[in-house]
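**Q** First the structure, which I've put down as structure tokens, then a few questions once you've had a look.
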Amino acid sequence: MNAPAARSASDDRSFDRVVSDLTAIVAASSEAGSALGIFPAMYRTVTLTVGEGIEAGVFDAPERVRRLVCVFAGLYLDAYDAHRNGAPAPLAWALAFDAAERRRCSIGEHLLLGMNAHINLDLGVAAAAVCTPVDHASLRADFDRVNLVLFALLDELQAAMGEVSPWMARLDRLGLGFDEAILRLGIGSARSEAWDFSEALVARPERERATLIAERDLAARRLGRVLADPWSPLHLANRVVAARECRDRRRIIDVLGSARIDVAALLA
């Protein structure tokens, strides 16, 4: 397994560049029929939806949220580029990318592994990068508003995914399966912990942050290994789900990119 790559939260990408880069990854993965496109198909939708919220004026500090979105996405894009170029990627991302390329996972597992790396590792790094110790607390309200976008989109995604994952749709109707998997990962809890991590980072000088980030990466990889463990109850259940899922990766990616919500109404 690769050693953790150094994390530099660069914000040299514009919002349009972020969307363009995500679109390119999704398109290339779709063309190749690669599961590497499953997470970014969903993530691009999240990014676009938050962007719509920025334009609709639903955030207190829209330009800072825009920068947060760009820095946050940049961490994923840098990890993806490192992986594709044979360079070390963060451990949590290396696990997710390896699963996408080498293992037969359910759609939900691919999403969970990507969200684990991006929320449990990248989000705190990004939130610390766009703040100082003085103004960090003022980001919290906008940070929490993004949770509402994620939860609403996940509801829409579950509805759409019935097209490509019949058992997931059935389990969702029973209140089982993907809902519980999301709960295990605990998006709300994970984002809250990411906020706490950003507080710890922003309180440290830049030169001391790398050690904290490396430790966080190890912790995220440990959680990812639990999610990906072939003998875990979650994975065994997902093998049943995956057996009935659509094998056409292009169609899966299209479905994951199709979810839409009215963000202005949601956050009004």
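**Q** Tabulate in residue order the Karplus-calculated ³J(HN,Hα) for segment 91-96, using 6.51 cos²θ - 1.76 cosθ + 1.60 with θ = phi - 60°, rounded to whole Hz; enter x for Gly and Pro.
**A** So the J values, rounded to whole Hz, are 4, 5, 6, 4, 5, 5.
**Q** Could you calculate the contour length gain from ASN85 to THR132, that is, 0.36 nm times the residue separation minus the distance between their Cα atoms, to one decimal place in nm?
**A** Taking 0.36 nm per residue and subtracting the Cα distance, the gain is 13.6 nm.
**Q** By the scheme Lys and Arg +1, Asp and Glu -1, what is the net charge of all other residues having a beta-carbon under 15 Å from that of ILE261?
**A** Spelling it out: positives minus negatives among the neighbours equals -2.
**Q** Treat the count of other C-beta atoms within 10 Å as a stand-in for reagent exposure and order HIS136, HIS118 from fewest to most.
**A** If I rank by nearby Cβ atoms, fewest first, I get HIS136, HIS118.
**Q** Order by neighbour count: VAL134, VAL202, VAL125, fewest other Cβ atoms within 10 Å first, most last.
**A** VAL134, VAL202, VAL125
**Q** Still on this structure: Could you calculate the contour length gain from ARG17 to SER189, that is, 0.36 nm times the residue separation minus the distance between their Cα atoms, to one decimal place in nm?
**A** 58.9 nm
Where a number appears in this text, it was derived from the coordinates with a stated rule and is not lab data. All figures in this text were calculated on a predicted structure; none of them were measured in a lab. Cβ: placed from backbone, ideal geometry, glycine included. Neighbour counts: every protein chain shown.
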